[in-house]
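Colleague: Handing you a structure now.
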Amino acid sequence: MKGQICSTCALCALDTSWTHLDGGSTYAAKSVFAGKPGYFKRTLIADRLTIPFESSVSRYLGAKRDRAIMSRRSRRWIFHIFLCLGIIYLKMGGFSTVLALGASIICSKIPGLAPRQRIICQSRPDALIVIGQGAQMGINECQFQFKHGRWNCSALGERTVFGKELRVGSKEAAFTYAIIAAGVAHAITAACTQGNLSDCSCDKDKQGFHGHADGWKWGGCSADIHHGLGFSKVFMDAREIKHSARTLMNLHNNEVGRKVLERSMRLECKCHGVSGSCTTRTCWMTLPKFRELGYILKDKYSHAVHVEPVKATRHKRPTFLKIKKPYSYRKPMDTDLVYIEKSPSYCEADPVTGSVGTQGRVCNKTLVHHPNGCELMCCGRGYNTHQYSRVWQCHCKFFWCCYVKCNTCSERTEVYTCK
């Protein structure tokens, strides 16, 4: 009878074995909760056959004994439950401590982070990964937009994607800060939409009908652009703690990048109806392609505004920026890129200005007054001519059956590089 379960007793279902007593008339179950092996004896009913009580066993079936066993088992169940919960709590607490310690060590080793940025890193290490991706996305876009200019962003991100890249407050620095701030906001918003961050998701305000006259309603997953913009502002602006003209310039350009992203958000819709009709439209807000932001900011770079700080009379600290014109206190627009220093020539390598020089850069001899033309790219130093020959199979034809016959083509090209 090993493993038999008593169908009339819920407590017996917890026992693991049965012991045969008194020559087959009674069975007793070993309790798994008792401190020492004990026996709980009762009548077994199976297939309409009742096994009678033995007179020697009846004293064990009193109500007092049953209540004692029940009370003991209940106390042990509660003990085991709290023991398990305690172990889980300790494990979770220990794991959280390890994560916090690991985040603190990692964040202290990342170069370029300001003190307040390190605090954000320690509290949100998962978000820092997304921030790094957004900053790198901005650097890549910068290199694409300026690939034909003397300054081509090639020095950006060599040491770290965080930190001050350009020491001169030039137009190039203005574009750099704006595109990286936009990249961080774009990456955070995209991560929220995809569910990759724990504290954000879709925009919860974009729900229900937008307007009864328009005939469409919010649906899908709208990008929570306000969360991305807010996180980018907290992290990117955390570096600018000094009261200087460069700080005002950086904060202004950071905001320009975020505004360009916010104003480039798109509304996408999908029609619902019978037989292709558009009875109801479901719409949601989506992020723009980052390349679009690059083109917009590149155009703003071409029309960047030269500004100068206005200092307060008491504290002698710059309080705001104004357009650099005599007898003018007009402030730049909040959508204009601003700079406080003229751009260097970028002809020679200079780590201070972020210039890698133009020596060895490929240029186009036929272009005149173009940034990629040899006249401007090489800064008057001249250029070298390199001839290359390329041979390949061309004009291939298939003949039945079965072979392919090709001609041999060659091409000689000339490549010009700056001296």
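Colleague: Under the 0.36 nm per residue contour assumption, what length would be gained going from the current alpha-carbon distance of Ala114 and Val352 to full extension?
Modeller: 83.7 nm
Colleague: May I pose another question? For Thr335, Thr189, what's the fewest-to-most ordering of other Cβ within 10 Å of each Cβ?
Modeller: The fewest-first ordering by Cβ neighbours comes to Thr335, Thr189.
Colleague: Given a cut-off of 24 Å, name the pairs among Lys289/Lys331; Lys206/Lys300; Lys298/Lys342 whose C-alpha atoms lie farther apart than that in the structure shown.
Modeller: With Cα atoms farther than 24 Å apart: Lys289/Lys331; Lys206/Lys300.
Colleague: Something else: Sort Ile225, Ile119, Ile131 so the one with the fewest other Cβ atoms within 10 Å of its own Cβ comes first.
Modeller: Ile119, Ile225, Ile131
Colleague: Right, another one. So if each residue of separation counts as 0.36 nm, and I subtract the Cα-Cα distance between Glu308 and Ser244, what length gain in nm does that give?
Modeller: The span from Glu308 to Ser244 would gain 21.9 nm if fully extended.
Colleague: While we're looking at this one, here's another question. Report the full-extension gain for the segment Gln143 to Val234: residue separation times 0.36 nm, less the Cα-Cα distance, to one decimal in nm.
Modeller: Length gained, Gln143 through Val234: 30.2 nm.
Colleague: Rank the residues Phe320, Phe231, Phe146 as a footprinting-exposure proxy: fewest other Cβ atoms within 10 Å of their Cβ go first.
Modeller: Ascending number of Cβ neighbours within 10 Å: Phe320, Phe146, Phe231.
Colleague: Right, another one. Distance in nm between label sites at Arg330 and Ser275, each 7 Å beyond Cα in the beta-carbon direction?
Modeller: With each label placed 7 Å out from Cα toward Cβ, I get 6.0 nm.
Colleague: Turning to a different aspect of this structure: Indicate the gyration tensor shape class of the range 269-418 (rounded, prolate or oblate), computed on the Cα atoms with a ≥ b ≥ c the square roots of the eigenvalues: a/c under 1.5 is rounded; otherwise a/b larger than b/c is prolate and the rest oblate.
Modeller: oblate
Colleague: Separate question: Peptides 170-183, 373-386: what's the order by average Cβ count within 10 Å, highest mean first?
Modeller: 170-183, 373-386
Colleague: For Lys147, what is the net charge nearby, where nearby means another residue's Cβ is under 12 Å from its Cβ and Lys, Arg count +1, Asp, Glu -1?
Modeller: In short, +2.
Colleague: Now a separate question. Residues with amide H under 5 Å of Lys311's amide H, sequence separation 5 or more or different chain, H placed in the peptide plane at 1.01 Å from N; which?
Modeller: Thr319
Colleague: Would you pull out the residues with amide H under 5 Å of Gln359's amide H, same chain only if 5 or more places away, H placed 1.01 Å from N?
Modeller: Here nothing satisfies the definition.
Colleague: Under 5 Å between amide hydrogens, which residues at least 5 positions from Asn364 or on another chain qualify, with H placed 1.01 Å from N in the peptide plane?
Modeller: Gly373, Cys374
Computed from the coordinates by the stated procedures, all read-outs in this text should not be read as laboratory data. All values reported here derive from a predicted model rather than from experimental measurement. Note that each Cβ is placed from the backbone with ideal geometry, even for glycine, and that neighbours are counted across all protein chains shown.
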